[in-house]
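Participant: Here it is, the structure, as structure tokens.
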Amino acid sequence: MVRAEAIDVRNATELAASVEAARPDVVIHSAAMITLGGDEQPQFAQTVATNTQATVSVLEATRKTGAKKALYISSAGIYGARRNLRPLSETEHPHLPGLYAISKYAGELLWRRYASVFGMDARIARISCAYGPWERVRSSRSVVSDICTWCLAALEGQAVDEPSDLPRDYTYVDDTVDGLLKVALADRTRYPLYNVACGRLYWRSEALATMAELVPGFQYRIGPWSEGKPKWNPPRGPLMIERLSREFSFSPTVSLREGLQRQLDWLRAESGQSPNSGDAAIPIRRLSSSNEAPVLQNEFRRTRA
């Protein structure tokens, strides 16, 4: 039911031809460069081209093919650091700590203005800390989620050393996709912007303790919550999902424990290991490819029919 075609969204001509061939009713735009910290200098121009200029190309292709709705997938990184950890609503003023957050927020502004100028039904969803199967290191994403990193370490028999007990609203990919589809496919929406997340915080210590229960022999060390974390991974409260819940009856269904187990099972399957293996020292193939073409494509896939 899904046809995959790898293209570079910065190539407006190629993008327009692909959308024209598909003739979609709905377009979901999730291609992005996730550029953090030390990656900003070498990837500055490429990030801007992908996260802002290519966004306009997606809108142009969507409008010209007559698609009825378009959804832009944005990021909780726009909220920046919020050290009081209070829940964050869609009306919060953005704090933009780096190039990725700046470029994603610029994409939001372009998305809204384009919709206003051309009378399009263009919607926005901000997601937070999504994890799960099919997450990979790619040319457009050099950093994977905490949970993917910990799962790889656990299955390779490596210890994890985290300098601070940072809280995050880790959200399993099936719940993320469910929320995105509710916003994208609705006949109409009450708001132009929705948070899509699990709606609560999990501390790293909680996630790592659960990992130790699921992978016998896994060891970890974690320090207290401190100021020592890099500025591109700041503490913040959970995204509020009241808009999504009230309007679409959205409710996350995958617990942290279940999500961790599914992530571990998928990584084991990728390496040909039994999902029920209790061995903490399984050789896991790293999720990257040295000859991968620098194409930008949808990172979110349904893992269940």
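Participant: Select from the range 67-101 the residues that are free of Cβ contacts under 8 Å to residues at least 60 places away in the same chain, aliphatic (A, V, I, L, M) and in contact with a strand residue (DSSP E or B) (Cβ under 9 Å, 6 or more places away or on another chain) and list them in ascending order.
Facilitator: Residues satisfying the conditions are ALA67, ALA70, ILE78, ALA101.
Participant: What's the number of the condition TYR194 fails, among (1) in a loop (DSSP other than H, G, I, E, B); (2) in contact with an Asp or Glu (Cβ under 8 Å, 6 or more places away or on another chain); (3) crowded, with 16+ Cβ neighbours inside 10 Å?
Facilitator: (1) is the only condition that TYR194 fails.
Participant: Which of (1) in contact (Cβ under 8 Å) with a residue 40 or more places away in the chain; (2) in a loop (DSSP other than H, G, I, E, B) does ASP187 not meet, given it meets every other one?
Facilitator: The single condition ASP187 does not satisfy is (1).
Participant: Taking interchain pairs and intrachain pairs at least six residues apart, which have beta carbon atoms under 7 angstrom, with the first residue in the range 154-173 and among the polar types (S, T, N, Q) and the second part of a strand (DSSP E or B) and modelled with pLDDT of 90 or more?
Facilitator: Qualifying pairs under 7 Å: THR171/ALA130.
Participant: Let me ask another. Being modelled with pLDDT under 95, hydrophobic (A, V, I, L, M, F, W, C) and within 18 Å of GLY132 (Cβ to Cβ) narrows it down to one of ILE222, ILE284, so name that one.
Facilitator: Exactly one residue qualifies, and that residue is ILE284.
Participant: Just need a number here: residues in the range 110-132 that are closer than 26 Å to ARG168 by Cα and either in a helix (DSSP H, G or I) or in contact with an Asp or Glu (Cβ under 6 Å, 6 or more places away or on another chain) (or both).
Facilitator: Initially, the range 110-132 is screened for residues closer than 26 Å to ARG168 by Cα, giving 123-132.
Going one step further and asking which of them are either in a helix (DSSP H, G or I) or in contact with an Asp or Glu (Cβ under 6 Å, 6 or more places away or on another chain) (or both), we end up with 124, 128-129.
Total satisfying the criteria: 3.
Participant: If you take the residues of the range 17-42 that are over 19 Å from the mean Cα position of the chain (by Cα) and under 26 Å from ALA101 (Cα atoms), which of them is surrounded by the most Cβ atoms within 10 Å (Cβ to Cβ)?
Facilitator: Filtering the range 17-42 for residues over 19 Å from the mean Cα position of the chain (by Cα) gives 17-26, 38, 41-42.
Checking which are under 26 Å from ALA101 (Cα atoms) leaves us with 26, 38, 41-42.
On the way: VAL26: 15, GLY38: 11, GLN41: 9, PRO42: 10.
Selected residue: VAL26.
Participant: Applying the selection to the range 162-184, what residues are at pLDDT 95 or above and either over 19 Å from the mean Cα position of the chain (by Cα) or in a strand (DSSP E or B) (or both)? Walk me through how you get there before you give the answer.
Facilitator: First, the residues of the range 162-184 that are at pLDDT 95 or above: 169-184.
Across the range 162-184, the qualifying residues are THR171, TYR172.
Participant: Still on this model: With respect to ALA212, determine if the residue is in contact (Cβ under 8 Å) with a residue 60 or more places away in the chain and either on the phi < 0 side of the Ramachandran plot or buried (at least 22 other Cβ atoms within 10 Å of the Cβ) (or both).
Facilitator: Values: in contact (Cβ under 8 Å) with a residue 60 or more places away in the chain: no; either on the phi < 0 side of the Ramachandran plot or buried (at least 22 other Cβ atoms within 10 Å of the Cβ) (or both): yes.
So ALA212 fails the test.
Participant: In the range 43-61, is there at least one residue being of a type in the set (Ser, Thr, Tyr), at pLDDT below 95, within 20 Å of the chain's Cα centre (by Cα) and part of a loop (DSSP other than H, G, I, E, B)?
Facilitator: Within the range 43-61 (the criterion being of a type in the set (Ser, Thr, Tyr), at pLDDT below 95, within 20 Å of the chain's Cα centre (by Cα) and part of a loop (DSSP other than H, G, I, E, B)), the answer is no, since none of the residues qualifies.
Participant: Limited to the range 234-273, what total is found for residues that are under 17 Å from SER145 (Cα atoms), in contact with a Lys or Arg (Cβ under 7 Å, 6 or more places away or on another chain) and either among the β-branched types (Val, Ile, Thr) or part of a helix (DSSP H, G or I) (or both)?
Facilitator: 0
Participant: Restricting the search to the range 50-68, which residues are buried (at least 17 other Cβ atoms within 10 Å of the Cβ) and of a type in the set (Gly, Ala, Ser)?
Facilitator: Answer for the range 50-68, where residues must be buried (at least 17 other Cβ atoms within 10 Å of the Cβ) and of a type in the set (Gly, Ala, Ser): ALA54, SER57, ALA61, ALA67.
Participant: Quick check on my filter: what residues within the range 74-102 are of a type in the set (S, T, N, Q) and over 20 Å from ALA122 (Cβ atoms)? Quick ask: steps written out before the conclusion?
Facilitator: Filtering the range 74-102 down to residues of a type in the set (S, T, N, Q) leaves 74-75, 84, 89, 91.
The answer is ASN84, SER89.
Participant: Look through the range 100-129, keep the residues that are closer than 16 Å to ILE28 by Cα and β-branched (Val, Ile, Thr), and return whichever of them is surrounded by the fewest Cβ atoms within 10 Å (Cβ to Cβ). Talk me through it step by step, then tell me what you get.
Facilitator: Applying the first criterion (closer than 16 Å to ILE28 by Cα) to the range 100-129 yields 104, 107-108, 110-112, 114-115, 120-127.
Now restrict to residues that are β-branched (Val, Ile, Thr): 124, 127.
Details: ILE124: 22, ILE127: 24.
Looking at residues that are closer than 16 Å to ILE28 by Cα and β-branched (Val, Ile, Thr), I get ILE124.
The values are calculated or read from the model by the stated rules, or taken from the named source; none is laboratory data. Note that the structure is a prediction, hence the values are computed from the model and not measured. We place every Cβ from the backbone using ideal geometry, glycine too, and count neighbours over all the protein chains shown.
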